[in-house]
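Student: Quick one: the structure is below, and I'll ask about it shortly.
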Amino acid sequence: MTRALDVYLYEALVATITRRGENLQLRYLPEYVESDSPVPISVTLPVVTTPFGNLDTKRFLDNLLPDRADVRSRWAREAKLASDSTFDLLSVYGADVAGALEFHPVGTPPRQEEDLTPLTAKEIGDRIRQIRRDDSDWLQHHAAAEGFSLGGAQGKFALALRGDQWFEPSGRKPSTHIFKPGIQPLPGSDITEHITLQVARLLEIDAAASVIAEFDGEHVLVVERFDRFDANGAVGRLHQEDLAQATGTSHIQKYESDGGPGYREIFTVFDRNLSAADAKTAKERVAKLLIFSWIIGHNDGHSKNYSLTHVPGRSVLAPFYDLNSSLPFNQREQILSHDPIVFNNVELAFAVNGANTLGTFDVDSIRCLEADAGLPEKHLHGYAVQVAAKLQPAVAAVIEQLPDRLKELPAVTLYPHATYTQTRRVIDALA
């Protein structure tokens, strides 16, 4: 049984995690504490000599793994582990997690081999079909051997792109893109996520780049990883942590409504851990995204869907990701009625001044958000007016670029109708 894990960050051994019974302890190496500009594993685990106890350590580590218990149990069975505890799973799947961290059984050096195995369109299509058949079955090919893990609740896998060819990376070779077939009960949600991401980018919101690709007859959302960088022609890893980790929140409480952090707690994280200029920028970006979320009906922006990027000497808010609209998945007749009452009870991820639904968010909410973000009066009001005016043309432009057969999917055909209705509500509220 593995009793300790070595933690590597930016390819340096930085800490050790030990297990005694059910309790975990994380301790940084003394030489790392004394090094120049050491990067923290988490803002909740700053680089100090004293060890961190079970709760702080587990909450951070839990968020590196899938949220769903059925997926974790499946991964444990695949690796023939005695339990699906976070420690046991990371002892096998911790060599390639989100960001730049690596976890290896103590004394086991990081892998030095590196390889790229080319994949055919059929092989990629088969993986997409596998997840659509059973969205608890989203292990990478040879995931246990490669030590691969991605967090979250949605089935996904990661590949590396070189030129026009997709590869299965192994060893030290990082993946470059994440493949998301969509949420099982919401057909076409991979397409609507792409639409929402691209609309955000057209509106100058810093969001992850994405494309819709087709492999052997299967469409899939392909998102470019922003926890990667070009290192003299090679791909390097960037360390990041999500805002659930940065606020010490359990993955089962990632939503504010489940006891997770609100936007004010997130603003506090920015003020405490970012430079004054970077904190100001981060608060404005989040505030504007909450306005965009109200207008487009994005209600899944929980704390795990925001991240900080950490490099030596600096931490910043990462690009936004996992943006989508829930509105096109209402009943067709309701959407085509163009009555905003239909969307009144759609919940927002964060409450602002007590308003937590599309129907209750209003100009008072905007004023409160402006004050909390330290923005001038009317700044967000003016931004909301601009977004409302530009949203429908942006939606039309993105949908026009889709393949013809994907334009016919119900969620795609209903998308502009749903956002038109919500946009009219917003314009009336702002007036």
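No lab work stands behind these numbers, since they all come straight from the coordinates. Given the structure is predicted, the values throughout are model-derived calculations rather than measurements. All Cβ positions, glycine included, derive from the backbone under ideal geometry; neighbour counts span all protein chains shown.
Student: Relative contact order of the chain, please, whole-number percent, based on alpha carbon pairs below 8 angstrom and at least 6 residues apart.
Tutor: Dividing the mean separation by the residue count of the chain yields 14 percent.
Student: Taking a cut-off of 27 Å between Cα atoms, list the lysines near residue 254, but don't count ones fewer than 8 places away on the same chain.
Tutor: In chain and number order, the partners are 58, 156, 180, 280, 283, 288, 304.
Student: I need 199, 43 ordered by Cβ neighbour count within 10 Å, fewest first.
Tutor: Least to most surrounded, the residues fall as 43, 199.
Student: Ok, one more. What translational diffusion coefficient, to the nearest whole µm²/s, does region 239-430 have by Stokes-Einstein, given a Kirkwood radius computed over alpha-carbon pairs, a temperature of 4 °C and 1.567 mPa s viscosity?
Tutor: Rounded, D is 74 µm²/s.
Student: Something else: Mean residue ellipticity at 222 nm from the helices of the chain, using -39,500 (n - 2.57) per DSSP H segment of n ≥ 4 over the full residue count, to the nearest 500 deg cm²/dmol?
Tutor: For the chain, the value works out to -11000 deg cm²/dmol.
Student: Going by Cα centres, region 207-263 and region 287-353 are how many Å apart?
Tutor: 15
Student: Now for a different question. Round to the nearest 0.05 the FRET efficiency obtained for residue 3 and residue 431 when R0 = 60 Å and r is the Cβ-Cβ distance.
Tutor: It comes out at approximately 0.40.
Student: What does the charge count around residue 249 come to, taking other residues whose C-beta lies under 13 Å from its C-beta (Lys +1, Arg +1, Asp -1, Glu -1)?
Tutor: Working: positive: 58, 59, 254, 304; negative: 56, 62, 67, 241, 242, 256, 258, 265.
Spelling it out: positives minus negatives among the neighbours equals -4.
Student: Between the alpha-carbon centers of region 108-138 and region 73-106, tell me the distance in whole angstrom.
Tutor: 17
Student: If we count every other residue with Cβ under 9 angstrom of residue 126's Cβ, Lys/Arg +1 and Asp/Glu -1, where does the sum land?
Tutor: Numbers: positive: 122, 127, 129; negative: 123, 216, 218.
Residues close to residue 126 contribute a combined charge of 0.
Student: For region 274-397, with the dipole built from +1 on Lys and Arg beta-carbon atoms and -1 on Asp and Glu ones, taken about the Cα centre, which of 376, 279, 329 lies farthest toward the positive end?
Tutor: The residue sitting most towards the positive pole is 279.
Student: Read through the labelled values [x] 21.8, 65; [y] 23.8, 91; [z] 21.4, 76 and report the label of the one computed as Rg and Dmax of the Cα atoms in Å from the structure.
Tutor: Identified label for the calculated read-out: [x].
Student: Each residue of region 205-221 in turn: what ³J(HN,Hα) in whole Hz from Karplus with 6.51, -1.76, 1.60 and θ = phi - 60°, glycine and Pro shown as x?
Tutor: 8, 6, 10, 4, 7, 8, 9, 9, 10, 10, 9, 6, x, 10, 8, 7, 7
Student: Need one word for region 307-360: rounded, prolate or oblate. Basis is the Cα gyration tensor (sqrt eigenvalues a ≥ b ≥ c); a/c below 1.5 gives rounded, then a/b vs b/c decides.
Tutor: Details: a/c = 5.77, a/b = 2.29, b/c = 2.52.
Oblate is the answer for region 307-360, as a/c is 1.5 or above yet b/c matches or exceeds a/b.
Student: Right, here's the next one. Could you calculate the contour length gain from residue 271 to residue 417, that is, 0.36 nm times the residue separation minus the distance between their Cα atoms, to one decimal place in nm?
Tutor: Stretched fully, the residue 271-residue 417 segment lengthens by 48.6 nm.
Student: If the cut-off is 18 Å between C-alpha atoms, which lysines fall inside it for residue 80, apart from same-chain ones fewer than 8 positions away?
Tutor: none
Student: Additional query: What does the charge count near residue 3 come to, summing +1 for each Lys or Arg and -1 for each Asp or Glu among other residues with Cβ under 15 Å from its Cβ?
Tutor: After counting each charged neighbour, the total is 0.
Student: Please check the chain for the longest run free of GluC sites (Glu not before Pro) that are loop-located per DSSP (anything but H, G, I, E, B) and have at most 16 other Cβ atoms within 10 Å.
Tutor: With GluC sites (Glu not before Pro) excluded where exposed in loops, the chain gives 205-376 as its longest stretch.
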